[in-house]
Amino acid sequence: MKTLIKVYLTTNQARIFTALILTGILSIGSNFTLIKNATAAPANLMPESANELIKENLTTNNLPRRVASAVLRDASKRWQISPKELEIIESTPQTWNNGCLGLSQPDEICTQALVPGWKVVVSDGKQKWIYHTNSNGRLLRIASTHPELNSKAKLPESLKNAVFQAASQRLNLPISQLNIVQAKQRTWNNGCLNLAGPDEGCTQAIVNGWKVVIGAVDQTLVYHTNASGSAIRLNEKASEIADNAITPVSIPISELPPPINSNVIFRQISSGGLFPRTYETVLLNDGRLIRYEMGDANDSERQVWQISRQEMRKFQRLLEKNKLSEYQNLSYPATKGSADYITYTVTTQEVTIQYNDVSQSNLPENLQTVVKAWNEILGSAIANQIPDEIKPLPIPVSELPPPVDRNVVFRQISSGGFIGKTYETILLNDGRLVQYRIGDANDSERRVWRVSQQKVQEFQQLLKEHRFNQSENLSYPAVSGSADYITYTVSSDDTTVRYNDVSQNNLPKNLQAIVKAWNEIRKYQ
């Protein structure tokens with residue numbers, strides 16, 4: 001009996017041990033299966049998600065989306081590659097040393113200003129293109145390209161230059177913004193390079209040459225040439241030339257100039273260009289044209305012209321005929337890649353419109369008509385100064401200012417104009433220039449600056465040579481009908497002369513020379 005019990009226990013223990021081992025193995029296997037199942041699903045998602053994450057980070061956390069879009073759009077158009085096949089593989093913030101984004105061409109004039117932007121590398125997996133852009137992607141240039149020319153033969157340099165020149169003139173773009181997308185040797189079957197015009201007679205001869213595709217921003221030009229480049233024809237049907245129309249945008253309220261006064265018919269504010277100064281030119285309802293540099297405290301560049309009442313009324317009728325109300329507060333921007341252009345902001349009693357010398361030829365027709373008439377008025381006024389001599393009158397004794405002090409070389413008192421304040425400016429014999437507002441009890445607008453002793457001596461000599469002391473207290477009045485003009489009363493020793501910005505151009509030549517020299521001295525600050 002004991003033996004049977006012992007055998008049973010031994011056998012039963014073996015079974016239990018075996019069961020435990022099998023259970024453990026199954027458990028371990030189950031755990032392996034669970035681990036495998038837990039990791040397999042994410043593994044299938046990783047490649048696509050990671051790629052999307054990289055692209056998302058590239059455009060969101062680093063390169064701005066609009067810059068990336070501009071570069072990809074240009075590359076796609078320029079080399080006829082689907083955007084899906086292009087990828088930005090590198091982007092680095094840069095500060096370019098000029099308005100040409102560090103990629104100026106020979107004889108090209110670039111603004112000498114630092115331009116923040118990006119260096120962007122694009123690839124289709126086979127080749128790379130390097131772009132330079134500004135901060136928002138509106139300006140971009142290609143720094144380096146490596147597209148394969150679809151021909152084993154190399155395009156001759158002279159022919160390449162000739163095609164670039166033709167495309168540059170056609171698109172009104174610098175050569176730096178053009179690129180050769182494709183160049184193939186071709187054999188044309190006539191002297192018109194297979195591009196005969198209507199009723200054009202072509203020599204029936206085989207002509208060896210090239211088919212060259214030029215890429216620009218959003219445009220593609222296809223040229224047929226002969227072997228030397230002396231004959232070049234544009235295949236307009238095969239080309240993609242952008243419409244020249246410009247889409248206007250609204251001028252931000254913060255950038256709108258103040259309304260014009262009731263006596264102003266038209267105003268133009270010009271800014272930018274190679275010499276970035278801002279000038280305001282107004283046409284008054286008395287026919288005067290006044291131009292001055294904004295921000296010039298001395299008002300040293302003020303110019304005044306007069307047009308006839310007939311010219312003035314003709315321009316007013318033109319404004320009434322060519323209704324501009326539909327263009328209220330609209331800006332016509334420059335074409336992409338433009339630089340060093342002048343921006344014009346014009347205002348009538350009803351509207352303000354902005355355009356530039358680059359977009360001017362693409363403005364709506366009636367707006368072009370007004371701009372052309374305005375430019376003709378300006379050109380005519382500048383070319384034809386007021387011809388009539390102004391007869392001087394004696395200044396009444398009661399209106400003569402007190403004599404200048406012994407240490408004063410020259411004094412100017414200015415009054416009137418739009419502002420209606422009176423200022424006195426004096427040049428002392430030690431070279432100091434002092435300006436203050438008469439009637440300012442706090443003397444809050446006093447300014448003092450200095451010129452060299454040499455300048456003082458030169459000016460004193462000029463006064464002697466042009467016999468200023470013989471001017472005999474004369475006043476040169478404004479032309480009849482003038483208003484809001486500035487009157488200047490200048491004195492030296494015992495002589496005083498009065499004139500204004502309307503009559504300035506009609507002063508005797510010796511007085512004009514003195515006034516010009518005085519305005520030059522006032523510039524030094």
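Here are the numbers for this structure:
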| read-out | value |
| --- | --- |
| Identity of the residue in the range 398-439, among the hydrophobic types (A, V, I, L, M, F, W, C) and touching a helix residue (DSSP H, G or I) at 6+ places or on another chain (Cβ under 8 Å), that ends up farthest from D493 (Cα to Cα) | L433 |
| Single residue of the range 415-452 satisfying the filter (hydroxyl-bearing (S, T, Y) and out of contact with any Gly (no Cβ under 9 Å at 6 or more places or on another chain)) that is farthest from D501 (Cα to Cα) | S444 |
| Residue that is nearest to the chain's Cα centre (by Cα), among those in the range 73-132 that are over 28 Å from D340 (Cα atoms) and among the charged types (D, E, K, R) | E90 |
| Options Q412, Q354: the member that is in a strand (DSSP E or B), in contact (Cβ under 8 Å) with a residue 40 or more places away in the chain and more than 37 Å from the chain's Cα centre (by Cα) | Q412 |
| Filter pass, D340 being part of a loop (DSSP other than H, G, I, E, B) and touching a Leu at 6+ places or on another chain (Cβ under 6 Å) | yes |
| Tally of residues being surrounded by 15 or more Cβ atoms within 10 Å (Cβ to Cβ), at pLDDT 85 or above and either among the hydroxyl-bearing types (S, T, Y) or touching a Leu at 6+ places or on another chain (Cβ under 6 Å) (or both) across the range 142-163 | 0 |
| Top-ranked residue in the range 460-475 [being free of Cβ contacts under 8 Å to residues at least 60 places away in the same chain and in a loop (DSSP other than H, G, I, E, B); ranked as nearest to V515 (Cα to Cα)] | H466 |
| Considering residues of the range 191-220 that are crowded, with 19+ Cβ neighbours inside 10 Å and at pLDDT 85 or above only, the residue farthest from V71 (Cα to Cα) | V207 |
| Residue check for T278: touching a residue at least 40 places away in the same chain (Cβ under 8 Å), assigned by TED's automatic domain parsing to the domain that holds I377 and out of contact with any Leu (no Cβ under 8 Å at 6 or more places or on another chain) | no |
| Of all residues in the range 276-293 being under 15 Å from the mean Cα position of the chain (by Cα) and not polar (S, T, N, Q), the one that is surrounded by the most Cβ atoms within 10 Å (Cβ to Cβ) | R277 |
| Residues that are within 23 Å of the chain's Cα centre (by Cα), part of a loop (DSSP other than H, G, I, E, B) and in contact (Cβ under 8 Å) with a residue 12 or more places away in the chain, drawn from the range 252-275 | L256, P257, G273, L274 |
| Filter pass, A478 being closer than 20 Å to R302 by Cα, in contact with a Ser or Thr (Cβ under 8 Å, 6 or more places away or on another chain) and not in a strand (DSSP E or B) | yes |
| Matching residues in the range 302-335 - criterion: being at pLDDT 90 or above, out of contact with any helix residue (DSSP H, G or I) (no Cβ under 7 Å at 6 or more places or on another chain) and crowded, with 17+ Cβ neighbours inside 10 Å | none |
| Long-range neighbours under 6 Å by Cβ, at least six apart or interchain, first residue of a type in the set (F, W, Y) within the range 438-451, second surrounded by 11 or more Cβ atoms within 10 Å (Cβ to Cβ) and part of a strand (DSSP E or B) | W449/L433 |
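The values are calculated or read from the model by the stated rules, or taken from the named source; none is laboratory data. Source: prediction; values computed, not measured. Ideal geometry is used to build each Cβ from the backbone, glycine not excepted, and the neighbour counts take in all protein chains shown.
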